[in-house]
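*Asks:* Pasting a structure here, questions to come.
The values are calculated or read from the model by the stated rules, or taken from the named source; none is laboratory data. Nothing here was measured: the structure is a model prediction, and the numbers come from that model. Every residue, glycine as well, gets a Cβ built from its backbone with ideal geometry; the counts of neighbours run over all protein chains shown. Just so you know, the surface numbers come from the protein's heavy atoms only, side chains and all, with ligands and any DNA or RNA stripped out. Shrake-Rupley method; radii C 1.70, N 1.55, O 1.52, S 1.80 Å.
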Amino acid sequence: MLEHIQAQLNALSKSERKVAEQILAAPQQAMHSSIATLARAADVSEPTVNRFCHRMGTRGFPDFKLRLAQSLAKGPNWVSRDVEENDSVESYSHKIFDSALAGLSHVRQQLDLQVIDQAVLALTQAQKIAFFGLGASAVVAHDATNKFLRFNLPVIWSEDIVIQRMSCINSGPNDVFVLISHTGRTKNMIELARLARVNASTVLAITSPGSPLAAEATLALTLDVPEDTDIYLPMVSRLAQLTVVDVLATGFTLERGAAFRENLKRVKEALKDSRLEKRAL
């Protein structure tokens, strides 16, 4: 049902789209709401909610809530909402790949290129960059650190919240903190953003639209990924974050120019001795 709503967004009226966006933002809440509560949350009338439900192919709001509940319960909790209990290896493998491809395509279409440009500029002007995340996002922050360590500037990474706090407290106006959180509701990440901004540091958040972290950031790269990581394993959201990090790293190297890329070449050459030679096929 959520994928169906997402696919129909551009065909909806302005008021019906408000209902759709409210449901996509909080599907569990919508499932337990009355029609009046959902209408208030979306800032529309109750008849608009009913029209939306009919547009989604249901008989009305009660039928829509039932279909939504069945959709949310379709996948085994804590795995992926696209997977069903009795799926074969072929079936769940294809579903995960299809979900990843569809999710990345959706993020690409929604990505704000102006914010990407501003983020790349901030990173290239930084005297120090820190990449922080917690849980699954810490893995993405670590991957970003591995990329930017090749760029001949100070880079910090830690998944220890105490070290993260101290880094933000001791920051300055030429520092950039990249804070990664899919939900944007992690209290520690929001606190880090506030601590860094007190010192006039730039805070670049890679997070969900409308999240508290996005509101606290200097720049927010918002990734609209319909994945509830409170219930399911972070899959598409993590891939989207990793891809955006690749975009930022690529923009960084292009912005720094050809002379800077010579330094990257030297780094690559230095790393060759750590690997065995490729075997001819």
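*Asks:* Might you let me know whether the stretch 167-181 holds any residue that is in a strand (DSSP E or B), within 29 Å of Arg256 (Cα to Cα) and over 19 Å from the mean Cα position of the chain (by Cα)?
*Replies:* Yes, that holds for at least one residue.
*Asks:* Quick check on this structure: which one of Gln125, Gln118, Gln164 is of a type in the set (S, T, N, Q) and open to solvent by less than 40 Å² (accessible area, probe 1.4 Å)?
*Replies:* Gln164
*Asks:* So, one more: May I ask you to say which residue of Val139, Val178 is within 21 Å of Leu123 (Cβ to Cβ), open to solvent by 70 Å² or more (accessible area, probe 1.4 Å), in contact (Cβ under 8 Å) with a residue 24 or more places away in the chain and among the hydrophobic types (A, V, I, L, M, F, W, C)?
*Replies:* From the options Val139, Val178, the qualifying one is Val139.
*Asks:* Say whether the condition of being at pLDDT below 90 and either charged (D, E, K, R) or on the phi > 0 side of the Ramachandran plot (or both) is met by at least one residue in the stretch 25-33. Lay out the reasoning, then the answer.
*Replies:* Initial filter on the stretch 25-33 (at pLDDT below 90): 25-33.
Cutting the leftovers down to either charged (D, E, K, R) or on the phi > 0 side of the Ramachandran plot (or both) gives us none.
No, every residue in the stretch 25-33 fails to be at pLDDT below 90 and either charged (D, E, K, R) or on the phi > 0 side of the Ramachandran plot (or both).
*Asks:* Quick one: which helices (runs of 4 or more DSSP H) sit completely within the stretch 57-128 and have at least 2 residues that are at pLDDT below 90? Before you say what the answer is, go through the steps one by one.
*Replies:* Details: elements: 61-72, 89-110, 113-125.
Result: 61-72, 89-110.
*Asks:* So which residues in the stretch 16-39 are of a type in the set (S, T, N, Q) and either in contact with a Pro (Cβ under 9 Å, 6 or more places away or on another chain) or open to solvent by 40 Å² or more (accessible area, probe 1.4 Å) (or both)?
*Replies:* Gln22, Gln28, Gln29, Ser34, Thr37
*Asks:* Now for a separate question. Is it the case that Ser171 is at pLDDT 95 or above, small (Gly, Ala, Ser) and open to solvent by 10 Å² or more (accessible area, probe 1.4 Å)?
*Replies:* yes
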